[in-house]
Amino acid sequence: MPDADFAPALSPAHAFDALRQPVRKLQGRLPHAHHTPHGCVYQGEGQPVIVFPRQGTGPECTAALRRVLADAGFRAHDWGHGTDEGPRAMGLNRWLRKLEDCVIDVFEVTQAPVTLLGWGLSGIYARELAKRANPLVRQVITLGTPFNTAADPHRQCPVMAMLDSGPERMPLAVRQRLRQRPPVPCTSLYSKDDGVVRWEQCVETETEHSENVEVPGARHDELAVHPKAIEVITHRLAQAEDSWRPFGPAGPSLS
């Protein structure tokens, strides 16, 4: 995980108290945007984010997005586990315990709650980690993530097949758990032109703390570099803590 600027380890109680102070300074400020070659990019003030790669790829897949985020003033971290080949024989729960260290490391470095950004299969990791590591997680952003297993009753999604394989298929209880929303704000970006997952698998009932945002015309492997996605991601990251609001009708224009 992060290899520079490590802060001293904090106890959970003291860390949680400490993290609120610097981030609360951002409250009341509206996100500020610049127009760049990547489109409209909102500016950050050091908010941390872990960027998880698309299934079958590694850090090289998210390098361009992490550069954009870093240039915009966010602290973008790779997930630190190379190529994502799924949990495999380890199983989902043991795999998530391993990934939890990633969240704790970034939290201790930045002393701020961490945004988890997952792409495809790794969006499942991000959502499940938010359930396990709350309150260290600030919010979840997913790109083309088929967490809505109810929209795939015949288990045909090739992305979910990386979890739903082997001699025993994923238990129904686990499939139901995956579509339960984490206890933090969630933004799901999807495309009807994804080509890998059905867009219906990437959406859920919207609430005051969750939203689905369409990225028109984007293929699955283009989602992380599409100008609309970058605009939405940076706006989510730039919002003041505890001031999450939708990007859609109540937020900035999507046009």
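The values are calculated or read from the model by the stated rules, or taken from the named source; none is laboratory data. Nothing here was measured: the structure is a model prediction, and the numbers come from that model. Virtual Cβ from ideal backbone geometry, glycine too; neighbours counted across all protein chains shown.
Restricting the first member to the stretch 82-102 and to residues that are in contact (Cβ under 8 Å) with a residue 60 or more places away in the chain and within 15 Å of Pro53 (Cα to Cα), and the second to residues that are aliphatic (A, V, I, L, M) and part of a loop (DSSP other than H, G, I, E, B), the beta-carbon pairs closer than 7 Å and six or more apart or on different chains are Gly86/Leu163; Pro87/Leu163; Cys102/Met1. Taken together, the residues in the stretch 213-228 that are surrounded by fewer than 20 Cβ atoms within 10 Å (Cβ to Cβ) and not in a helix (DSSP H, G or I) amount to 4. When the stretch 50-65 is examined, which residues are found to be surrounded by fewer than 20 Cβ atoms within 10 Å (Cβ to Cβ) and of a type outside the set (A, V, I, L, M, F, W, C)? Residues satisfying the conditions are Gly56, Thr57, Gly58, Pro59, Glu60. Hey, among Cys61, Cys40, which residue is under 21 Å from Val232 (Cα atoms) and at pLDDT below 95? Cys40 is the lone residue from the list that is under 21 Å from Val232 (Cα atoms) and at pLDDT below 95. The number of residues in the stretch 194-209 being charged (D, E, K, R), surrounded by 13 or more Cβ atoms within 10 Å (Cβ to Cβ) and assigned to a loop (DSSP other than H, G, I, E, B) comes to 4. If you go through the stretch 55-107 and pick out every residue that is of a type in the set (Phe, Trp, Tyr) and touching a Ser or Thr at 6+ places or on another chain (Cβ under 8 Å), you end up with 2.
Kindly evaluate Gly118 against the criterion of being touching a Ser or Thr at 6+ places or on another chain (Cβ under 9 Å) and either farther than 21 Å from Ile233 by Cβ or surrounded by fewer than 18 Cβ atoms within 10 Å (Cβ to Cβ) (or both). Judged against the criteria, Gly118 is not a match. More than 22 Å from Val225 (Cα to Cα), within 14 Å of the chain's Cα centre (by Cα) and acidic (Asp, Glu), is that true of Glu204? It is false that Glu204 is more than 22 Å from Val225 (Cα to Cα), within 14 Å of the chain's Cα centre (by Cα) and acidic (Asp, Glu). Every test in (1) in a helix (DSSP H, G or I); (2) touching a His at 6+ places or on another chain (Cβ under 6 Å) is passed by Ile50 save one, and that test is (1).
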